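Below is one structure, written out as structure tokens; comments come after it.
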Amino acid sequence: MHILVVDDKAAVREKVGGLLTQLGYTYECANNGLDALEKAQVQTFNLYIIDHLMPVMNGIQLIKNLKSKQETANIPVIFMTTQDLNSLHNVKELKQCQEIIAKPINEETFFQLINKLLVENSLVHSL
């Protein structure tokens, strides 16, 4: 499984990448939404892990762009944020995310979430 990790903070990219490596997954990193969108247009990913607040193109704009393209529309998304999760319930683009998680990331919850989403995505694509 190949995953795109999108966050403007190198420490977060390294942390999430390290967790994915522990699970045996490969990953690429992008430091903003525009960088991620460009990578998604030339590579295939099984999951996107996207930060909320970033320069150039934020996470919500990125999700809107990814979901508008046939090639990337069905790839599951985990949305990461430092914002209050309750304040994001009315953001329509986030309804297209499979999960929204708070930062800092709880490792055990993260492991469970990643495995669940990737198994579900594999089942859908194998049908």
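Could you give every pair whose Cβ atoms fall below 9 Å, whose first residue belongs to segment 64-90 and is closer than 22 Å to VAL12 by Cα, and whose second residue is acidic (Asp, Glu) and assigned to a loop (DSSP other than H, G, I, E, B), counting only separations of at least 6 or pairs across chains?
Pairs found: MET80/ASP7.
Mind checking which pairs have a first residue in segment 1-30 that is surrounded by 13 or more Cβ atoms within 10 Å (Cβ to Cβ) and at pLDDT 95 or above and a second that is among the acidic types (Asp, Glu) and assigned to a loop (DSSP other than H, G, I, E, B), Cβ under 8 Å, 6 or more apart or different chains?
ARG13/ASP7; VAL16/ASP7; CYS29/ASP7
The values are calculated or read from the model by the stated rules, or taken from the named source; none is laboratory data. Everything numeric in this text was worked out from a predicted model, so none of it was measured. Here Cβ is always computed from backbone atoms with ideal geometry, including for glycine, and neighbour counts include all displayed protein chains.
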